[in-house]
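This report concerns only the one structure given below.
The values are calculated or read from the model by the stated rules, or taken from the named source; none is laboratory data. Every value quoted in this text rests on a predicted model; they were computed, and no experiment measured them. Because the Cβ atoms are built from the backbone with ideal geometry, glycine has one as well, and the counts that use them run over all protein chains shown.
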Amino acid sequence: MSNKIVIGILGSGTVGSGVLQVIKENGEDIARRIGRDISVKTVLVRDLTKKRANMDGIKLTDNVEDIINDPEISIVVELMGGIHPSLDYMLKAMEAGKHIITANKDAVAQFGERLFSTAEKHNVEFKFEASVGGGIPIITPLKQCLTANKISLIMGIVNGTTNYMLTKMTADGCDYDEVLQEAQARGYAEANPAADVEGLDAARKAAILGSIAFNTRIKLDDVHVEGITKIKAADIAYAKELGYVIKLLAVAKDYGEDGVNVRVHPVFLPSSHPLSTVKDVFNAIFLRGNAIGDAMFYGRGAGSLPTASAVVADIIAVARNMVIGNTPVTGCTCYNDRRICPLEETESSYYIRLWVDDEPGVLGAIATAFGDSDVSLKSVIQTRMVQGHAEIVAVTHVVKHKKLEKAAELLRTLSVVYKICNIIRVEEE
Ligand code: NAP
Ligand code: HSE
């Protein structure tokens with residue numbers, strides 16, 4: 001096929017090398033699907049001496065200008081990660097008239113608006129399917145296949161590392177530090193796993209999902225973030241006992257006139273919920289639309305080939321448009337300016353684990369603190385003594401977050417309460 005489409009790739013690490021492998025292995029079919037050959041001409045890396053696979057006929061460079069200033073290259077795929085210099089390279093490539101594909105959730109979550117407006121100004125495409133859920137198609141389904149719907153809820157397991165850790169803690173009763181070491185040894189968690197375990201990686205993905213689902217710009221600062229660092233084996237055990245599993249969820253919810261709320265936090269999920277079956281490093285995104293009802297997208301949220309699957313699909317979509325002469329079709333979809341509903345206004349049931357003095361009247365004092373805060377209790381259990389204290393677990397009925405906060409404040413003032421060990425939302429959606 002003549003007039004092949006020429007690509008430059010920024011980065012050839014886990015995902016970049018996967019993209020080269022997929023293009024090499026499936027190149028013939030891909031060319032037929034596009035109606036034209038594609039060819040990777042140049043790849044940008046830091047270290048030119050590293051041994052790399054699937055580089056036959058490809059120029060390796062450490063100078064980004066070799067890609068940005070090459071008139072033959074029409075698609076640039078950014079797979080370096082981080083903000084600097086990736087953002088600058090993407091903007092410069094757009095200014096040079098090149099379509100951009102990226103897997104970079106940091107850049108999309110923080111600078112999506114700038115990237116979209118630059119793409120629009122220069123009449124190029126900007127696609128980022130791999131930035132959420134790795135290989136799972138979710139951005140394109142939200143922007144295209146589900147665009148007839150009003151989406152009212154998204155709940156996603158979007159971080160593989162933490163899902164692996166929680167799965168191991170649930171299955172084997174291991175404690176947090178032990179499973180973190182294991183996740184690192186298996187190469188799931190980063191050397192510095194803070195972005196995973198403190199929820200920031202999931203928050204970036206939540207901001208992207210919320211922006212697309214509600215057609216309004218959700219900034220990273222709009223996302224309430226709690227990670228899994230406070231989850232103890234005891235919480236996992238109580239969840240099991242009560243018929244739940246603990247998952248770290250990215251939640252984006254439409255509260256109508258009160259606005260939209262986007263948050264990342266651990267939840268007690270009923271063990272019958274479809275997301276509860278998502279184990280190990282797998283990801284899944286559950287959503288609710290007013291036409292489709294409930295739907296769930298499941299698969300591998302990270303890894304070389306799964307993530308490359310999403311990146312190469314974006315390449316094919318852009319290349320097809322080039323072949324038929326389409327101008328960029330689905331640009332920024334944030335046409336609304338929705339209020340951000342503060343966390344305090346959101347509602348949930350809550351699980352509260354606390355250590356208290358083991359003496360008469362304590363349960364009454366605790367019940368009064370909840371009652372005075374207008375928080376109704378569904379159940380209270382006391383099963384064991386820990387370090388000389390009675391361990392109490394209370395589960396509330398659905399209540400506004402601000403009332404729960406008030407109850408927690410009151411509990412902390414009680415001399416019989418030694419400490420509140422954990423408070424976790426109970427998701428009954
Ligand atoms: P990675 O393995 O660390 O690879 C990064 C690549 O970029 C390397 O080839 C590196 O060159 C190159 N690079 C980094 N900084 C550079 C610079 N300043 N100049 C030139 N080259 C530079 O990263 P990755 O895991 O493939 O992730 C790439 C992107 O995909 C990130 O945005 C990540 O968040 C996203 N993503 C990753 C996954 C996953 O499973 N890994 C899943 C979904 C999304 P050298 O090879 O010379 O070091
Ligand atoms: N660190 C991320 C995870 C990689 O564990 O899911 C994919 O974005």
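Things to note:
- Against the numbered list (1) basic (Lys, Arg); (2) out of contact with any strand residue (DSSP E or B) (no Cβ under 7 Å at 6 or more places or on another chain); (3) closer than 26 Å to Phe286 by Cβ, Arg114 comes up short only at (3).
- Looking only at the range 117-134, and only at residues there that are assigned to a helix (DSSP H, G or I) and out of contact with any strand residue (DSSP E or B) (no Cβ under 6 Å at 6 or more places or on another chain), the one that is nearest to Gln144 (Cα to Cα): Glu129
- Lone unmet requirement of (1) within 13 Å of ligand 1 (Cβ to nearest atom); (2) surrounded by fewer than 22 Cβ atoms within 10 Å (Cβ to Cβ); (3) not assigned by TED's automatic domain parsing to the domain that holds Ile83 for Asp106: (3)
- Within the range 327-379, tally of residues that are in a loop (DSSP other than H, G, I, E, B) and not aliphatic (A, V, I, L, M): 22
- Which listed residue, of Gln184, Gln144, is without any contact (Cβ under 8 Å) to a residue 24 or more places away in the chain and either in contact with a strand residue (DSSP E or B) (Cβ under 6 Å, 6 or more places away or on another chain) or not in a loop (DSSP other than H, G, I, E, B) (or both): Gln184
- Flag if Val6 is within 15 Å of ligand 1 (Cβ to nearest atom), touching a residue at least 24 places away in the same chain (Cβ under 8 Å) and either within 32 Å of the chain's Cα centre (by Cα) or not assigned by TED's automatic domain parsing to the domain that holds Ile101 (or both): no
- The range 390-421: number of residues that are of a type outside the set (Val, Ile, Thr), surrounded by 15 or more Cβ atoms within 10 Å (Cβ to Cβ) and not in a helix (DSSP H, G or I): 7
- Any chance Leu200 is among the aliphatic types (A, V, I, L, M), under 18 Å from Tyr298 (Cβ atoms) and within 16 Å of ligand 1 (Cβ to nearest atom): no
- In the range 119-152, of all residues being in contact with a Phe, Trp or Tyr (Cβ under 8 Å, 6 or more places away or on another chain) and over 21 Å from Val251 (Cα atoms), the one that is surrounded by the fewest Cβ atoms within 10 Å (Cβ to Cβ) corresponds to Ala119.
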